[in-house]
Amino acid sequence: MAKTLVIAFDPAEVASGAGFATALGQPFDVLLITGNAANNAGAERTFLAGLDSVPPADSLTPSLVALARGYSHIVAVSSMRSKDIMARLAGALDAAMVTDAIAIESPTVYKRPIVAGAAIATVETLTEPVVVTFRPAGFPEPAQQGEATLEPITLELSQGSKRISESMHGGGRPDLTQARVVVSGGRPLKDAATFEKVIGGLADQLGGAVGATRAAVDSGIASNELQVGQTGKIVAPDLYIAAGISGSTQHMAGIKDSKTIVAINNDPSAPIFEFADLGLVADLYDAIPAIRAALDRGK
Amino acid sequence: MKILVPVKRVLDPFAKVRPLPDGSGMDTAGVKFEMNPFDEIAIEEAVRQRDQHPEIEIVAVSIGLPEAEDQLRKALAMGADKAILIESTETFDPPSIADELAALARAEQPDIILMGKQATDDDSNQVGQMLAAKLGWPQATFASKIVIVAGSVQVTRETDTGDEVLECALPAVVTVDLRLNEPRYIALPGIIKARSKPLDRRAPTTSPRPRTRVRRLDPPPARAPGRKVASVDELVGALRERGAI
Ligand SMILES: Cc1cc2nc3c(=O)[nH]c(=O)nc-3n(C[C@H](O)[C@H](O)[C@H](O)COP(=O)(O)OP(=O)(O)OC[C@H]3O[C@@H](n4cnc5c(N)ncnc54)[C@H](O)[C@@H]3O)c2cc1C
């Protein structure tokens, strides 16, 4: 029964799921909830549920329980969506669960950050099945593996919560959790328009995504899905630029895996300078236009 | 209508903490314990809902050491009507907490279990969803707005791409996110006054059946020290050198 089921909520999650399953070292199948898979990514079987959108957790989970019964490990990329659904699945399966795995020691031992990244816990699972959500940064995606043989599957949805409305923000920019460059802004950005012009402008020039601190989200300067940190999104770009961000442990917990961290802050004693690879003590309203001009000149 | 709010005692989320040198736990010397900030938001929300629906009764519950009384007293001071302390020195992992809360919910029959989306110590984000599954109740996680209507609750919840509104028939489990509200400040006299409110101590009705065990804690890998740059040109130059742009 040592077999992994990768649950991919959309096609973009298939490759990172395959990366984790490969690191786990067991044969694996993929269940794709929405959309279509282009290649099998090394999976033995690829099940295609073909739903238009991911249903609410309570109506989707019972159908996943039935399918998951044959597996020792059921895994998905960490996201708010997977935390919502996979933890309910773990509850229904009476499974052990590991949230936000960053490394695998064996199929029963994982590493995960706790206390806003102040410690890395080595966690042993004591029962089977095991449900895992993982941060993709630590698990390289396997090479393309040719055509998938897709097996359509019907997920019987149960009666559950009713989705009344849905609003998506963002649009146009790369996904924060996948982006190669992330530019984030904090509390001192005056208002939503200034945030968009200053932070969004630099991000667009670098082809990057936009992030924010909780303070910026709370004061309505940035929308909630942009929040980066312990309780927001975890990012791991090549370049993270933090402008007007003090460097709270809660924020830093979300950016530690970034390759290069740049801090722009007018307070030379701001804690973020302890973490930044490159720190610039400056007013962000002067520094960002100057950076944009320097980037233009360099072309 | 009854709202049950589980409350966890956690290390002060704003303290600088590190693991003990032998990796057996966190070094708690000199660190205060607080109510998990998300649970505080859940209590605050329950109290605000009661302002609109006076028939609501708010029951706060904590599972753990006797010291969790402090956090329950705070919940009472914020406005909870009564508190239950399920005392145990054993380790309850998230599924075991969900089992115990499910047993309590069957006895107490709340209409809504309103709880934090995660605890800031173990950052697991599991208990609410596991509990909802065990009870077979609808769930709405990461709430940023809650409206109770006849027989159901409308929850605006945060998603990876924005937000959505779910309608859940009651009883239901709702977990709360940071934007839902800003908890009221309770000064010490308020907490002392809450001593007259009922706090019921009991033993767990389930014995914990841990499905995971923490073997050890290590400090996070240190980042190589960085440096300050003197100008924008030096910054852009350094970024080009690193191939970051
Ligand atoms: C339970 C809990 C969970 C949390 N989770 C998160 C989370 O996931 N993510 C998160 O980000 N926060 C989180 N927080 C909040 C966190 O503790 C901090 O309050 C927040 O990160 C601070 O945001 P900030 O850096 O924008 O604001 P501040 O701390 O106010 O910092 C603003 C910085 O901008 C600098 N500055 C001001 N003006 C300028 C200027 N003109 N130019 C340059 N610099 C300037 C200042 O020197 C200061 O350092 C959480 C808090 C709690 C309690």
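Of the numbered conditions (1) farther than 30 Å from B:K74 by Cβ; (2) more than 7 Å from chain A (Cβ to nearest Cβ), B:V153 satisfies every one except a single condition; which is it? All conditions pass for B:V153, except number (1). Output the residues belonging to segment A:183-215 that are within 12 Å of chain B (Cβ to nearest Cβ) and out of contact with any His (no Cβ under 7 Å at 6 or more places or on another chain). Within segment A:183-215, A:V183, A:L202, A:Q205, A:L206, A:G207, A:G208, A:R214, A:A215 meet the criteria.
Among the residues of segment B:83-140, just one is more than 14 Å from chain A (Cβ to nearest Cβ) and either among the basic types (K, R) or within 16 Å of the ligand (Cβ to nearest atom) (or both), namely B:R106. Where helices (runs of 4 or more DSSP H) fall wholly inside segment A:4-106, the ranges with 1 or more residues that are closer than 26 Å to B:W137 by Cα are A:57-68, A:80-93.
A:S167 fulfils the conditions (1) in contact with an Asp or Glu (Cβ under 8 Å, 6 or more places away or on another chain); (2) within 16 Å of the ligand (Cβ to nearest atom); (3) among the polar types (S, T, N, Q) except for a single criterion, (2). When segment B:117-157 is filtered for residues that are open to solvent by less than 10 Å² (accessible area, probe 1.4 Å), part of a strand (DSSP E or B) and of a type outside the set (V, I, T), the ones remaining, listed by number, are B:Q139, B:A140, B:F142, B:A143.
What residue, among those in segment A:289-299 that are within 9 Å of another protein chain (Cβ to nearest Cβ) and either of a type in the set (S, T, Y) or in contact (Cβ under 8 Å) with a residue 60 or more places away in the chain (or both), is farthest from B:R227 (Cα to Cα)? Ranking the candidates gives A:L295 first. Once segment A:272-288 is narrowed to residues that are touching a residue at least 24 places away in the same chain (Cβ under 8 Å) and closer than 24 Å to A:T194 by Cβ, the residue that is most open to solvent (accessible area, probe 1.4 Å) is A:Y285. Exactly one residue out of A:G91, A:G35, A:G19, A:G42 is away from chain B (no Cβ under 14 Å), without any contact (Cβ under 8 Å) to a residue 40 or more places away in the chain and crowded, with 18+ Cβ neighbours inside 10 Å, and it is A:G35. Of all residues in segment A:243-269, those being open to solvent by less than 10 Å² (accessible area, probe 1.4 Å) and over 20 Å from A:A137 (Cα atoms) number 5. Within segment A:240-271, the only residue that satisfies the criterion of being β-branched (V, I, T), near the ligand (Cβ under 7 Å from one of its atoms) and within 15 Å of B:K228 (Cβ to Cβ) is A:I264.
Okay, residues lined up against (1) open to solvent by 60 Å² or more (accessible area, probe 1.4 Å); (2) over 22 Å from B:F142 (Cα atoms); (3) within 16 Å of the ligand (Cβ to nearest atom):
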site	(1), (2), (3)
B:G25	no, yes, no
B:E44	no, no, yes
B:V47	no, no, no
B:E57	yes, yes, no
B:A60	no, no, no
B:G64	no, yes, no
B:E69	no, yes, no
B:R73	no, yes, no
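Out of segment A:98-109, which residues are over 18 Å from the mean Cα position of the chain (by Cα) and open to solvent by less than 10 Å² (accessible area, probe 1.4 Å)? If the condition is that a residue be over 18 Å from the mean Cα position of the chain (by Cα) and open to solvent by less than 10 Å² (accessible area, probe 1.4 Å), then A:V109 is the only one that fits. Restricting segment A:110-160 to residues that are of a type in the set (V, I, T) and loosely packed, with under 14 Cβ neighbours inside 10 Å leaves a set whose member that is nearest to the other protein chains (Cβ to nearest Cβ) is A:T154.
So for segment B:172-192 (the condition being open to solvent by 70 Å² or more (accessible area, probe 1.4 Å), more than 30 Å from B:V17 (Cβ to Cβ), more than 12 Å from chain A (Cβ to nearest Cβ) and of a type in the set (K, R)), does at least one residue qualify? Lay out the reasoning, then the answer.
Step one: list which residues in segment B:172-192 are open to solvent by 70 Å² or more (accessible area, probe 1.4 Å), which gives B:179, B:182, B:184-185, B:188-189, B:192.
Then drop every residue that is not more than 30 Å from B:V17 (Cβ to Cβ), which leaves none.
No, because not a single residue in segment B:172-192 is open to solvent by 70 Å² or more (accessible area, probe 1.4 Å), more than 30 Å from B:V17 (Cβ to Cβ), more than 12 Å from chain A (Cβ to nearest Cβ) and of a type in the set (K, R).
Of all residues in segment B:4-23 being basic (K, R), in a loop (DSSP other than H, G, I, E, B) and within 16 Å of the ligand (Cβ to nearest atom), which is least open to solvent (accessible area, probe 1.4 Å)?
Once the filter is applied, the top-ranked residue is B:K8.
The values are calculated or read from the model by the stated rules, or taken from the named source; none is laboratory data. Predicted model, so just to flag it, every value in this text is computed and none were measured. With ideal geometry, Cβ positions are generated from the backbone for all residues, glycine too; neighbour counts draw on all protein chains shown. Areas reflect the complete protein model, heavy atoms only, side chains present, ligands, DNA and RNA absent. Shrake-Rupley method; radii C 1.70, N 1.55, O 1.52, S 1.80 Å.
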